[in-house]
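Enquirer: So that we are looking at the same thing, I have put the structure below in structure tokens.
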Amino acid sequence: MSVFLQACRREPVECTPVWLMRQAGRYMPQYRALRERVPFLDLCRTPDLAAKVTVDAAREIGADAAILFSDILLLPGAMGAQVEFPEGGGPAIRNPVRTEADVASLLPFETGSLACVYEAIRLCKAGLGAGIPLIGFAGGPFTLASYLIEGGGSTDHLAARSFLYGNPSAWRALMEKLAAALSLHLRAQIEAGADAVMLFDSWAGALPPQEYRTQVLPHTRRVFESLPPGTPSIHFGTQLAGHLRDLAGCGASVVGVDHRIDLDAAWEALGPVAIQGNLDPAVLLADRQTIERHASEILSRAGGRPGHIFNLGHGVLPRTPVESVKFLVDFVREESRRRRTP
Ligand code: CP3
């Protein structure tokens, strides 16, 4: 079995598995060249192109896992949100959710509307072979709700937070609709061949822990609990230091943490789950010595305990040199193997 899947199960491994969020993206010249010709959403919806981007990136950097090239906003799009990715700007939703009636008019998700995603997964599996596992994914319930309500990206998530406080029954209905859709979407990805699935609830840290615990986490937990038993699953979010004790019970086998917390402190708060993280993506803009020093520190904080998957605290930044990414992947593999050799 691959070191990535072994680590998801907290089994001892010969070296620490490493992959990077956004490992296929704008830091790669071939990706930028492809994007000159193909708009982002078309790329996500064209199975052979999405699969090629996924497989080529994982192979080029030598990652221990591939993540499907897609986006979390495809699912709200399949539920009636008019999602756009204007060139050079963040995503926008033209018909944001602002009332209880807007929640009611979101369509129930049918997997047939994202058949292109599952086809891309089948093509990825054929291209990757048995050696490199594939991670499928979706957005977490809070992050999807935030995009739907805000109508796009937000730094404070104020519209989403005030919707939660001001319309508790509509919020609950929205969470239930999203959780049902997420469960179907992730299960369809697993059926198509995804070896593991990941929920990106990137902005859940915007909520007070009490609200997160009562208004979001039960829905997240229901999604993870609906997956086929034994399927490795990852929950990721940023700025969740105050939420870790709650996240320990989210039902995922792995919790991904960002770079705003020490890995060992996070692991202590989480208890017996696997952990993924957590190098600051900005470190990859520095020289090799600096990359080595910071990657070593994370390996030290993991302390050789089974169940660590090396990753960044968030996605690879577009300015990152490809050579630095490859250097990091090789370094983590060799250094973690060296540390395990008596
Ligand atoms: O990790 C991966 O490489 C897998 C593919 C993936 C993408 N987006 C590709 C993408 C994944 C897992 C996502 C998740 C995603 N998408 C999140 C949660 C994770 C996170 O980054 O916090 C969010 C919030 C989105 C929504 C989204 N998509 C935003 C805010 C943006 C614009 C910001 C940006 O980086 O440009 C996107 C676009 C996007 N998604 C790109 C990629 C490679 C860049 C598109 C381009 O080519 O211009």
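Enquirer: Applying the selection to region 21-33, what residues are in a helix (DSSP H, G or I) and more than 9 Å from the ligand (Cβ to nearest atom)?
Expert: Within region 21-33, P29, Q30, A33 meet the criteria.
Enquirer: Let me ask something additional. Filter region 48-85 down to the residues that are assigned to a loop (DSSP other than H, G, I, E, B) and within 10 Å of the ligand (Cβ to nearest atom), then identify the one that is surrounded by the most Cβ atoms within 10 Å (Cβ to Cβ).
Expert: Keep residues of region 48-85 that are assigned to a loop (DSSP other than H, G, I, E, B), which gives 62-65, 68-73, 79-82, 85.
Filter once more, so that each one left must be within 10 Å of the ligand (Cβ to nearest atom): 68-73, 85.
Numbers: L68: 25, F69: 23, S70: 23, D71: 21, I72: 18, L73: 23, F85: 17.
So, considering only residues that are assigned to a loop (DSSP other than H, G, I, E, B) and within 10 Å of the ligand (Cβ to nearest atom), the one surrounded by the most Cβ atoms within 10 Å (Cβ to Cβ) is L68.
Enquirer: Please identify the pairs in which a residue from region 19-48 that is small (G, A, S) has its Cβ atom under 7 Å from the Cβ atom of a residue that is assigned to a helix (DSSP H, G or I) and within 11 Å of the ligand (Cβ to nearest atom), counting only partners at least 6 apart or on another chain.
Expert: A24/Y31; A24/V53; A24/T54; A24/A57; G25/Y31
Enquirer: Among (1) within 21 Å of K177 (Cβ to Cβ); (2) in a loop (DSSP other than H, G, I, E, B); (3) within 16 Å of the ligand (Cβ to nearest atom), which single condition is I132 missing?
Expert: For I132, the failing item is (1).
Enquirer: Taking the condition of being surrounded by 15 or more Cβ atoms within 10 Å (Cβ to Cβ) and of a type in the set (G, A, S), how many residues in region 284-300 meet it?
Expert: Summing the residues that are surrounded by 15 or more Cβ atoms within 10 Å (Cβ to Cβ) and of a type in the set (G, A, S) in region 284-300 gives 2.
Enquirer: Further, regarding this structure: Considering only region 271-293, I want to know if a residue exists there that is assigned to a helix (DSSP H, G or I), more than 16 Å from the chain's Cα centre (by Cα), in contact (Cβ under 8 Å) with a residue 24 or more places away in the chain and under 21 Å from C8 (Cα atoms).
Expert: Taking region 271-293 as the starting set, the residues that turn out to be assigned to a helix (DSSP H, G or I) are 281-285, 288-293.
Next, only the ones that are more than 16 Å from the chain's Cα centre (by Cα) stay: 282-285, 288-293.
Still in the list and also in contact (Cβ under 8 Å) with a residue 24 or more places away in the chain: 282, 284-285, 288, 291-292.
The next check asks that each one be under 21 Å from C8 (Cα atoms); those that pass are none.
No.
Enquirer: Return the total of residues in region 193-225 being farther than 20 Å from S253 by Cα and away from the ligand (no atom under 16 Å from the Cβ).
Expert: The qualifying residues number 6.
Enquirer: Follow-up. Which condition number in (1) under 20 Å from A274 (Cβ atoms); (2) surrounded by 13 or more Cβ atoms within 10 Å (Cβ to Cβ) is the one that G303 fails?
Expert: The number of the failed condition is (2).
Enquirer: Sticking with this structure for a sec: Only one of these conditions is not met by L114: (1) within 11 Å of the ligand (Cβ to nearest atom); (2) buried (at least 17 other Cβ atoms within 10 Å of the Cβ). Which number is it?
Expert: Of everything listed in (1) within 11 Å of the ligand (Cβ to nearest atom); (2) buried (at least 17 other Cβ atoms within 10 Å of the Cβ), L114 misses just condition (1).
Enquirer: Continuing with this model, one more query. Which residues, counting only those in region 312-332, are outside any loop (DSSP other than H, G, I, E, B) and either more than 17 Å from E14 (Cα to Cα) or at pLDDT below 95 (or both)?
Expert: First pass over region 312-332, keeping only residues outside any loop (DSSP other than H, G, I, E, B): 312, 322-332.
Within region 312-332, L312, V322, E323, S324, V325, K326, F327, L328 qualify.
The values are calculated or read from the model by the stated rules, or taken from the named source; none is laboratory data. No experiment lies behind these values; they were computed from the predicted model shown. Cβ sites come from the backbone with ideal geometry, for glycine too, and all protein chains shown count toward neighbours.
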